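Data first, discussion second: the structure below is written as structure tokens.
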Amino acid sequence: MSTGESLAAWQKSLLSVCVFNGNSPRFTDLPKFRKESLPGVVSDLLFHADPGVRSAAFDLIREALLAQGGYSASIEPLYRACARGEESGFTVPAINIRGLTFETAKAVFRAIKRIKGGPVIFELAKSEIGYSYQRPREYAGLIMAAAVSEEISGPVFIQGDHYQANAKKFKTDPQAEIAELRGLIMESLEAGYGNIDLDASTLVTLEPESLIEQQRENGRVTALLADVIRRTPHPKIGGIDLPVSIGGEIGEVGKENSSPEELAAFMTVFEEERRRLGTPGPGISKISVQTGTSHGGVPNADGSIAEVALDFGTLETLSKLARKDYQMGGAVQHGASTLPESLFDRFPKVGTLEIHLATGFQNLILDHPLFPRDLTCKMQDYLKEHFKSEWKSGETEAQFLYKNRKRVFGPFKKELSSLPPSIISGIMKDLEERFVVIFEKLGLQGTAPLLTRHFPSEGNST
């Protein structure tokens, strides 16, 4: 079906499922909308050449989610409850989806419903926007569309991950780098993101002896961007104003493990800057730390993943300090999806608030037995042609392909979306089972009441 035919099809079908007050739809038959209209709306959100049509598709999806009692939300109330000691015993998964986003998000929702689970976050990093070809409005729309498809009500958590300052660009032109981050934050909030993880840990410098001076630019820039978030209007949901949840970071993933002294130094600078700026509202609700992992894992020469000595003691210590001294929900673990399954039940035991998961799920899709071999070869040829300059001396082909395979999701977005339904359903069935296993180990089974205790039950905008 061409995009023009797709547009005509879902526009025409709306007449039987909605009545309109001006441009605002009121849904009269949501089940029929899900079955007959939603696939075409999602297709146009992804691929229509006209930005106006993509925008209309996004707006319709958001209205459909609100109509069924769902809404994009901030996880702030739950994290502050964790800070007060009112909730514990679980770790919230934050899942980065780089491709097949609509289908993968549906698998996440099915998995969390199967275990009667509560909080799960969908996120996209600043770097992933580039190579996955997903701007915030598209990503949020696909997550909300998946929630509509799976009949989700209540809060849906969408997060900007690693909104990171580029150290080289910042050194050359700090104002331009801040302006770029500010623009991305504004774009994300407009798309309905309720959660933003700021990462200025790239600006930490080890030259000064004082830890406060080492963390100076990290704390200052984080506070400056937090001020942008707090001063940006956002819609009230269910008549209740939920402040955007903001995260900070003290140790760049892949570097030295974080320490209590670094956390104290960062928070000293951050709070000083908040007072100087007169920033309204609460500060950060969580802190990302380094415990020995790296994003995507470290590939061996044969492409397998090297074992990691993860420091659970650091996670436990910093989570306790974050709650006790700074009223945060706790510490955040990055780069964890390639860890052995046997480790995941330890995260809630040491009080880890949130865990970020991406590459392991990406690998399940790309390495699945049903994934077409000819498409795999085409993707590998693309990487070897376009990123040959990044093939490091001494690196095997398997290592090079593993480290760069995430870059295929954007250029091959249409090919992935056009895979036969039998292939997609088979892959997603196994992915759903993987989600269930990890969610259970993270302590999410039976946690659905967390959402009813801390969030509005209906998504009526005011």
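Bear in mind that the values in this text are calculations on the coordinates, not laboratory data. All of these numbers come straight from a predicted model, not from anything done at the bench. A quick note on method: Cβ atoms are made from the backbone with ideal geometry, for glycine too, and the neighbour counts reach across all protein chains shown.
Past 32 Å, Cα to Cα: identify those pairs from Lys168/Lys414; Lys169/Lys388; Lys126/Lys378; Lys392/Lys429, in the order given. Could you put the intermediate results ahead of the total?
Numbers: Lys168/Lys414 34 Å; Lys169/Lys388 24 Å; Lys126/Lys378 26 Å; Lys392/Lys429 36 Å.
Those over the limit are Lys168/Lys414; Lys392/Lys429.
Find the centroid of the Cα atoms in region 60-115 and in region 387-416, then give the distance between the two in whole Å.
Measuring centre to centre over Cα atoms gives 30 Å.
Over the chain, what is the mean sequence separation of C-alpha contacts under 8 Å (at least six apart), divided by residue count, expressed as relative contact order in percent? Kindly include the intermediate steps, with their values, before the conclusion.
Values: 871 pairs, mean separation 101.6, N = 462.
About 22 percent, as a whole number.
So if each residue of separation counts as 0.36 nm, and I subtract the Cα-Cα distance between Val437 and Glu209, what length gain in nm does that give? Please list the in-between numbers first.
On the way: separation 228, 0.36 × 228 = 82.08 nm, distance 4.49 nm.
Result for the pair: 77.6 nm of gain on full extension.
Excluding same-chain residues fewer than 8 positions from Lys35, which aspartates and glutamates have a Cα within less than 19 Å of its Cα?
Answer for Lys35, where 19 Å is the Cα cut-off: Glu5, Asp44, Asp59, Glu63, Glu103, Glu150, Glu151, listed by chain and number.
With N residues in region 3-67, what two-decimal value do you get for its Cα radius of gyration over 2.2 N^0.38 Å? Present the calculation step by step, with values, prior to reporting the outcome.
On the way: Rg = 10.7 Å, N = 65, 2.2 N^0.38 = 10.7 Å.
With N residues counted in region 3-67, Rg over 2.2 N^0.38 Å equals 1.00.
Answer with one residue from Ala167, Tyr133, Val269: the one whose Cα lies farthest towards the positive end of the charge dipole of the chain, charges on Cβ with Lys, Arg +1 and Asp, Glu -1.
The residue sitting most towards the positive pole is Tyr133.
Need one number: nm distance between label points at Glu415 and Thr232, each 7 Å from Cα along Cα→Cβ, rounded to one decimal.
Each label point lies 7 Å from its Cα, and together they span 3.4 nm.
Shape call for region 1-153 from the C-alpha gyration tensor, a ≥ b ≥ c root eigenvalues: rounded (a/c under 1.5), prolate (a/b greater than b/c) or oblate? Before the final figure, lay out the partial values.
Values: a/c = 2.19, a/b = 1.56, b/c = 1.40.
Taking the square roots of the gyration eigenvalues as a ≥ b ≥ c, region 1-153 is prolate.
Stretch Thr172-Glu390 to full length: gain in nm at 0.36 nm per residue minus the Cα-Cα span? Spell out each step's value before the answer.
Details: separation 218, 0.36 × 218 = 78.48 nm, distance 2.33 nm.
Difference between extended and current length: 76.1 nm.
In percent, how large is the relative contact order of region 348-462, given Cα pairs closer than 8 Å and 6 or more residues apart? Intermediate results must be reported in sequence, preceding the final value.
Details: 30 pairs, mean separation 38.6, N = 115.
Answer for region 348-462 is 34 percent.
Would you mind calculating the gained length between His368 and Thr268 on full extension (0.36 nm times residue separation, minus the Cα-Cα distance), in nm to one decimal? Spell out each step's value before the answer.
Numbers: separation 100, 0.36 × 100 = 36.00 nm, distance 4.73 nm.
Length difference between fully extended and current span is 31.3 nm.
Using a ≥ b ≥ c from the Cα gyration tensor of region 74-134 (square roots of the eigenvalues), is it rounded, prolate or oblate, where a/c under 1.5 gives rounded and otherwise the larger of a/b and b/c decides, a/b for prolate?
Details: a/c = 3.66, a/b = 1.57, b/c = 2.34.
Oblate shape, in that a/c is at least 1.5 and b/c is the bigger or equal ratio.
To the nearest 20 debye, what is the magnitude of the charge dipole of the chain about its Cα centre, counting +1 on the Cβ of each Lys and Arg and -1 on the Cβ of each Asp and Glu?
About 900 debye.
Among the lysines, which fall within straight-line cross-link reach of Lys441, defined as a Cα-Cα distance under 18 Å, with same-chain neighbours fewer than 8 residues apart omitted?
Within the straight-line cut-off, Lys441 pairs with Lys113, Lys116, Lys349.
Run lengths n ≥ 4 of DSSP H only: what is the helix-derived mean residue ellipticity at 222 nm for the chain, with -39500 (n - 2.57) per run over all residues, to the nearest 500? Numbers along the way, then the final one.
Working: 20 runs with 223 residues, N = 462.
Helix contribution divided over all residues of the chain: -14500 deg cm²/dmol.
According to the square roots a ≥ b ≥ c of the eigenvalues of the Cα gyration tensor, what is the shape class of region 72-181, taking rounded for a/c under 1.5, prolate for a/b larger than b/c otherwise, and oblate for the remainder? It would help to have the intermediate numbers written out before the result.
Values: a/c = 2.70, a/b = 1.44, b/c = 1.88.
Oblate, because a/c is 1.5 or more while a/b does not exceed b/c.
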